[in-house]
Amino acid sequence: MTQLVFWKTKDRSERETRLKNVLELARDVSQRDSGGLTSLIRLVVRPLQARGLSSAAFNAEHGAIDAYAFSSLFFSDSLVVTQDGRRAHELIGHPDTRYGLRLAVDPVLPVPWLRPRIASALATIGFGRSQGDWRYDASNHFATLVLPFGIALVTGGNHSITAGIVNGEGVVETSQVDDLSSLYDYVHYDGNSFIRTHDGQKLGTPRDEEPGMLFEIGRLMNQLGVRYDACLVRPDTEREPHLSGGDGYYSVVIDGRDAGVALTASGATRALHKVGLVEGSEEWTQVICGNASFSRKNYGGAEEEIRLVWRVRRRVVDDLDSVYDVMPWVREDDD
């Protein structure tokens, strides 16, 4: 019995130390550029994502872990968290916005559970496979984006979304957004358990430590007024063609001259936030669609006019038989 307590104590101490180390890194990153916290989120979530993706592959039939959900990653959202008796789910916001999550980049957390279905998805979905490129299906793919730290919990399409992630292609739109910002006044993670702050009551001890780390990085993001930089989907604009995570980019035009560099969608989002544009506003939409420019000061202090122009990289293939259609949205001067 004494030895069992020793190992539990050691494990607790190690988890607390890892949380401390991660939060020190988060503060260091944020002091340099708070936008870098998005990259830190991606780093921290990788082990959690890998365990979900590989669970069915590493275990016998019906041996996969349960799908990731709020209650399994954090604590039950039905628990009271405030002194006046409000429960967690009453504080979680649900903004009426939709985001496009890049499966090659963003921290999407599917858990495929049926070995025959994941075998089929891996064998048939993707560029050059029998079902073709990964495609978003609104009737099958359901993902909840959890802000401010930006992980996405998958409740539909786990097997095909897994294929998109491991192939590095596809964009899935969110079906719901959960904003945890209001929870930070009442709940914290101490390295082992989620704690009700006003009285120290333990709300739950998660199996995985990464959700607690993400929650506390999210606290820092909330304090700094930043969130994970997922791309907003606007219902009043036409969707871009079905692209993989690396097919689309923005050309950067400085004072009317092409700078000769490509900016990712997340980089464009971060740039517009830095100059004070409000995401979803008319000005934001005009700039992101290439119809207006914005100003910035260069390192020499001079004003520059920046315009972003959406382009599509041309896919490179080594087999003519794989060229089966014309892509009309690609302009002649696209790369």
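Every number in this text was worked out from the coordinates using simple rules, so none of it is lab data. Given the structure is predicted, the values throughout are model-derived calculations rather than measurements. Here the Cβ positions follow ideal geometry from the backbone for every residue, glycine too, while neighbour counts run over all protein chains shown.
Among 251-258, 181-188, 285-292, sorting by the average number of other beta carbon atoms lying within 10 angstrom of each residue, highest first, gives 181-188, 285-292, 251-258. Determine the dipole magnitude for the stretch 2-233: charges of +1 sit on the beta-carbon of Lys and Arg, -1 on that of Asp and Glu, nothing else is charged, the reference point is the Cα centre, and the result goes in debye to the nearest 20. Dipole size: approximately 500 debye.
Placing one identical point scatterer on every Cα of the stretch 248-322 and ignoring solvent, what is log10 I(q)/I(0) from the Debye formula at q = 0.13 Å⁻¹? Values, matching the q order: -0.43.
For the chain, the membrane-span-like helices by this rule, meaning whole DSSP H stretches whose C-alpha atoms cover at least 27 Å of axis and whose Kyte-Doolittle mean is -0.5 or above, are 37-58; this says nothing about an actual membrane. Measuring nothing but alpha carbons in the stretch 2-233 and taking Rh as the Kirkwood radius, the Rg to Rh ratio lands at 0.98. The label point for LEU232 and the one for ASP190, both projected 7 Å from the Cα toward the Cβ, are 4.0 nm apart.
In percent, rounded to a whole number, the relative contact order of the stretch 2-233 is 27, using alpha-carbon pairs under 8 Å and six or more apart. Working note: 222 nm ellipticity from helices only, DSSP H runs with n ≥ 4, each -39,500 (n - 2.57), summed and divided by the residues of the chain, gives -10500 deg cm²/dmol to the nearest 500.
Close Lys pairs in the chain, defined as Cα atoms under 22 Å apart and 8 or more places apart or on different chains, number 6. Extension gain for THR17 to ASN298 (0.36 nm times residue separation, less C-alpha to C-alpha distance): 97.1 nm. TRP113 sits among other residues whose Cβ lies under 15 Å from its own Cβ, and their net charge, with Lys and Arg +1 and Asp and Glu -1, is +1.
In this label model, LEU43 and ASP96 are separated by 3.9 nm, measuring between points 7 Å along each Cα→Cβ vector. Taking all Cα pairs closer than 8 Å and separated by 6 or more residues, the relative contact order of the stretch 248-322 comes to 36 percent.
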